[in-house]
1. Which numbered condition in (1) at pLDDT 95 or above; (2) surrounded by fewer than 18 Cβ atoms within 10 Å (Cβ to Cβ); (3) outside any loop (DSSP other than H, G, I, E, B) is the only one that residue 134 fails?
2. Need the failing condition index for residue 66 against (1) in a helix (DSSP H, G or I); (2) surrounded by fewer than 22 Cβ atoms within 10 Å (Cβ to Cβ); (3) modelled with pLDDT of 95 or more, just the number.
3. Any idea which of 116, 203, 124, 180 is over 15 Å from the mean Cα position of the chain (by Cα) and outside the structural domain of residue 40 (by TED's automatic domain parsing)?
4. Taking residue 161 as the residue in question, decide whether it is more than 17 Å from residue 215 (Cα to Cα) and either free of Cβ contacts under 8 Å to residues at least 60 places away in the same chain or out of contact with any strand residue (DSSP E or B) (no Cβ under 9 Å at 6 or more places or on another chain) (or both).
5. I'd like the residue in region 152-198 that is of a type in the set (Lys, Arg) and modelled with pLDDT of 95 or more and, out of all such residues, is farthest from residue 30 (Cα to Cα).
6. Examine region 88-110 for a residue that is of a type in the set (Gly, Ala, Ser) and at pLDDT 95 or above, and state whether such a residue exists.
Amino acid sequence: MTNLPHLHSPRYIDALGWAAQLHSLQRRKGKPVPYISHLIAVSALVWEDGGDEEQAIAGLLHDSIEDADQDEASIAGRYGQRVGRIVADCTDTAGPVAPGGKKESWLVRKTRYVASLEHKPLDSLLVTAADKAHNARDMVLDARRDPSSWERFNAGLDGTAWYLLRIHQTLSHRMPGSRSNELLGDAVNKILRSQSYDRIIPSGISPLVWAMGYLERQQQGSEQVPV
């Protein structure tokens, strides 16, 4: 028997087991599907996009800070500083608590996260692209079966379309050859061309123009709210 080299190390198997343990009680949003399915899919997309083992491990753990009470140090302690840093880069957590103890709004957090993609390392962006590509594809397939599925997301269809579009645009110029970002772009196009999205667009405005104007519409709306 030929002694072929292993294409992944025991570290990857360990990370897969730890991710399964950390997220064992969690499901995909609004569905009975175990959350580990998303983590495995993201890690697979990382491998297929040319990522290395450490990036694939970060794919398995990319939600462990946000959703499993870990931090960069605990992850780095098990898998090294690079893995810990990539997971931290992929984490979209709430910022400083606003006066009165209120958390920042979805729009504030997402606007900051999109802006942060301009300066994050490319090895982290490869994992981010895989995460957003899998989420977007999942959203498209769910909405095809049940258009009301958009209601389970904080910003609904309008805000989600803007968010995914802006991520895709940013990743397109930072990592133009990414397979995962190409998948993300395909999903965004399907969202913008969907009947559900068409119903929220005023007559005579293209889906792309409407999506790009989401942030401005929200800012104008907030200015009109009486204090």
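The values are calculated or read from the model by the stated rules, or taken from the named source; none is laboratory data. Just so you know, these numbers come straight off a predicted model, no measurement behind them. Reconstructed Cβ throughout: ideal geometry from the backbone, glycine too, with neighbour counts over all protein chains shown.
1. Residue 134 satisfies every listed condition except (2).
2. In the conditions (1) in a helix (DSSP H, G or I); (2) surrounded by fewer than 22 Cβ atoms within 10 Å (Cβ to Cβ); (3) modelled with pLDDT of 95 or more, residue 66 misses (3) alone.
3. None of the others qualify; the one that does is 203.
4. Judged against the criteria, residue 161 is not a match.
5. Looking at the filtered set, the residue picked out is 174.
6. yes
Yes or no, residue by residue, for (1) assigned to a helix (DSSP H, G or I); (2) closer than 17 Å to residue 133 by Cβ:
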site	(1), (2)
19	yes, no
31	no, no
54	yes, no
92	no, yes
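This table checks each residue for (1) loosely packed, with under 14 Cβ neighbours inside 10 Å; (2) over 26 Å from residue 48 (Cβ atoms); (3) basic (Lys, Arg).
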{"site": "144", "(1), (2), (3)": "yes, no, yes"}
{"site": "175", "(1), (2), (3)": "no, no, no"}
{"site": "187", "(1), (2), (3)": "no, no, no"}
{"site": "213", "(1), (2), (3)": "yes, yes, no"}
{"site": "219", "(1), (2), (3)": "yes, yes, no"}
